[in-house]
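Below is one structure, written out as C-alpha cells, with a few remarks after it.
The values are calculated or read from the model by the stated rules, or taken from the named source; none is laboratory data. Not measured: the values here are computed from a predicted model. All Cβ positions, even for glycine, are placed from backbone atoms using ideal geometry, and neighbour counts span all protein chains on display. Just the protein is used for accessible areas: all its heavy atoms, side chains included, with ligands, DNA and RNA removed. Shrake-Rupley method; radii C 1.70, N 1.55, O 1.52, S 1.80 Å.
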Amino acid sequence: MAGRTEYPRPQFVREEWQNLNGTWQFEFDDNNVGAAEKWFETGREFSRKIEVPYAYQSPLSGIHDAAFHDWVWYKRNFSVNPAWKGKRVWLHFGAVDYRAWVYVNGKYVGMHEGGHTPFQFDITDELTWQEEQVVVRVEDPSTDETIPRGKQFWVEKSAGIWYTRTTGIWQTVWLEPVDAVHLEKVRFFPDIDRGDIAIEFEFAGNAAGSELDVEISFQGRSLAKDRITVHERYVKRSFNLFGHEIFRTGFHHEGWTWTPENPNLFDAAFTLRQNGRTVDSVRSYFGMRKVHIENGMVYLNNKPYYQKLVLDQGYWPDGLLTAPADEDLRKDIELAKAMGFNGCRKHQKVEDPRFLYWADKLGFIVWGECASSPSFSNNAVARLTKEWIEIVERDFNHPSILVWVPLNESWGIPHVRSDSRQQHHSLAMYSLIHSLDPTRLVVSNDGWELTRSDICAVHNYNHGMPDETAKYEEFKRSIATREQILQSKPALRGVYANGFSHQGEPILLTEFGGIAYKIGSEAGWGYTSVSTEEDFVKEYRRVLEAVYASGILHGFCYTQLTDVEQEVNGLLTYDRKPKCDLEAIRQINAMWHPSVIRE
C-alpha cells in the first residue's frame, strides 16, 4: 500500500520532490520511556507497522486501535536522490497531531507543536547520502482540554458530537531539494476594482542581485511577464490584468473573476536566477475575487451573494481526519455541488490543502475553521493563537476561502457572555486574523455570544419534528426578522455577548437542520428524525422553506454533509452514499435565487 501519493502543496509547486508516505515502523510508548532510552538512535527496530499518513486509530493505518496512547514513535529508512547533492534537502510534514520531535540518522533536527499545520526542517547536514533514517516522536495528550482538539473526544469512546481522536502523522511526509537561495513565500492580493494583482515575494538565502522572472497566464494565454532584480529579502510587484485586450469585454466580466459558478484561475510561474543560473522554479495560481460586506449583505466581486453552505466535518470511516485518497476530497465537493450547495463550513478542522485546491478549481466557497480547545486558560489562548498564525500563512492564497471562523459556539470561551478576559480573547482573534489577512471576513464566535464580527452567525436547531407544528412555527417566526433573530436565545444564550450588539453586519443561519435518517442497521442520532426517504426530503423542504421565508437571512449552513460515527444526520451516509435523490435536494436549494428581494 503506497498511501497518499499526490503532490501535497498545490499552491506552491516544485517539480522535484520525494514522497515518504507508505509503510513505517511504529511503536506505542505508553510509559514515555522512549526519549530516555534513546529510541531515536539508529539500529533499534519497532515492533509494529503503520501506513502513513493514516493515524493509528484509523482502519487504513493497519493498526485501528482507538485506545489512549499519548506517546507514539515512527521510523522509516529512505534514500535521497544523489542528484540532489549540492542542494539543501528539506523534510516536510503536512500535519502531525499534536507535538512532534524529529530525528534524522539519530540526530535531533527540531520539534513542532500544533496538530493542524505544516512544518519543515533542513536536514542536509544530517544526511549520509547512503541509507537514511527518520524517526518521529509524538505526544498527543488525550485528555488535555487546553489544546485545540475540535471534535476529537477526550474520552476513549465516541459519544454525542464528539468523535475518535487522531494521533500523530495524518498528512503527507515528503522531501524537497532547494538551492541555498530560493523563493520562500508568495502572497497574492487581487484587486478587482483596479483589475490588478499585487504579489509579495520573500526569499531565503543571499538573494541580492538575483533575477526573478514572473509570468502570469489565463487559460494558456500569457498576460504579463516581468523580470525583477532582487535587492532585498522582500519584493512586491503589481500587475494590471483587466486592462489586457482579452478582458476588454467587461471590467468585472464573470469570465475572469472567481466565483463558485465561474471558478476562473490564473496561472503564475516564477523562476529565480543567480548569475545566469536557474536556482528555483515555482508554479502557483490565484483567483481574482473580492469579498466584503455592505448593506447587511455579503458581496462577492461587488455583487450580493447568497451563500448556501453545508457543514462538513471532514471525517472518513476508514481514514478519520485523513481522506483515503485525493479523489475522495474532490468527490465531497462534487456531491455537495450536485445538491445545490455553493460552499461549506469546514467544521472544527483545518482541512488538507488538496481539498482547498479542489475547492478553488471546482468553485466551492470554504469557511476556514480551526479546532477549538474545550476550556479557557493562558495555555489555550497561546496554542490557538499560534495555530491561527500558521493557518493563515498556509492558506492565504486560496480564492475559495471567503471567511475565517476562529471560535465556535463559545468553545474555549465558555463564559464569554460576561467574562472580560474571554471577550478580549474573542476580540483578539478577530483582530489578529484581520491583521494577517485583510482580504477576508472574520466571524468572532460562530453560533452565539458574538463580540465584534463581520457576520452575525446564528445557530438554531429548534424546528422540531414534522408533527410539531407549533415548534416549527416558532422556529419560522424566530428567524423571520432582524429583531426576532437578535432577541432569540440560541442554546439559551444571547446572540451577542454582554456589551456587544448588532452593528448592521449580514445575518446568516450557520447551523440548523441535522435531520436524522438511518440507513440499514445504522445506529445514531440527529436533531430531528424521520424513517423514510420521502419524509427525509419533505422535512428538508419544510426547514428550508422557513429559512427562505426569512426577510433578513442572507445565507445558511445546513447540518450536515455526511453522517459521522454516531451522528446519522447527514445528507449522505458516512461512506458517502446519498440518502435520497440528490436532484431533490438541489431543487429545494434552488427555491431561493438572486432575484428574491431581501429586507
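Key figures
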| quantity | calculated |
| --- | --- |
| First in region 431-445 and over 21 Å from Val458 (Cα atoms), second anywhere and open to solvent by 10 Å² or more (accessible area, probe 1.4 Å) and at pLDDT 95 or above, Cβ under 7 Å, 6 or more apart | Leu432/Thr385; Leu436/Ile389; Asp437/Phe396; Thr439/Phe189 |
| Single condition Glu145 does not satisfy, out of (1) charged (D, E, K, R); (2) over 26 Å from Gly314 (Cβ atoms); (3) out of contact with any helix residue (DSSP H, G or I) (no Cβ under 7 Å at 6 or more places or on another chain) | (2) |
| Residues of region 1-46 that turn out to be modelled with pLDDT under 95 and either part of a strand (DSSP E or B) or touching a Pro at 6+ places or on another chain (Cβ under 7 Å) (or both), as a count | 2 |
| Single residue of Val298, Val381, Val366, Val350 found to be among the aliphatic types (A, V, I, L, M), free of Cβ contacts under 8 Å to residues at least 40 places away in the same chain and in contact with a His (Cβ under 9 Å, 6 or more places away or on another chain) | Val366 |
| Among the residues listed as Pro148, Pro177, Pro190, the single one being in contact with a Gly (Cβ under 8 Å, 6 or more places away or on another chain), crowded, with 18+ Cβ neighbours inside 10 Å and part of a strand (DSSP E or B) | Pro190 |
| All positions within region 358-374 that are crowded, with 23+ Cβ neighbours inside 10 Å and of a type in the set (Phe, Trp, Tyr) | Phe364, Trp367 |
| Filter result (over 15 Å from Pro190 (Cβ atoms), open to solvent by less than 40 Å² (accessible area, probe 1.4 Å) and not hydrophobic (A, V, I, L, M, F, W, C)) within region 258-273 | Pro260, Thr271 |
| So Glu51, is it touching a residue at least 40 places away in the same chain (Cβ under 8 Å) and acidic (Asp, Glu) | yes |
| Search result, residues across region 120-142 that are among the hydrophobic types (A, V, I, L, M, F, W, C) and out of contact with any helix residue (DSSP H, G or I) (no Cβ under 8 Å at 6 or more places or on another chain) | Phe121, Ile123, Leu127, Val134, Val135, Val136, Val138 |
| Scan of region 193-210 for residues that are surrounded by fewer than 17 Cβ atoms within 10 Å (Cβ to Cβ), in contact (Cβ under 8 Å) with a residue 40 or more places away in the chain and part of a loop (DSSP other than H, G, I, E, B), ordered by number | Asp193, Arg194, Gly209 |
| Any hit, region 375-391, residues being under 24 Å from Met288 (Cα atoms), at pLDDT 95 or above and either open to solvent by 10 Å² or more (accessible area, probe 1.4 Å) or in a loop (DSSP other than H, G, I, E, B) (or both) | yes |
| Candidate set: region 535-578, residues that are assigned to a strand (DSSP E or B) and closer than 18 Å to Pro506 by Cβ; chosen: the one nearest to the chain's Cα centre (by Cα) | Cys557 |
| Residue in region 585-599 that is modelled with the highest pLDDT, counting only those that are out of contact with any helix residue (DSSP H, G or I) (no Cβ under 8 Å at 6 or more places or on another chain) and open to solvent by 90 Å² or more (accessible area, probe 1.4 Å) | Gln587 |
| Subset of region 473-521 that is surrounded by fewer than 22 Cβ atoms within 10 Å (Cβ to Cβ), touching a helix residue (DSSP H, G or I) at 6+ places or on another chain (Cβ under 9 Å) and among the hydroxyl-bearing types (Ser, Thr, Tyr) - its residue that is nearest to Leu450 (Cα to Cα) | Tyr496 |
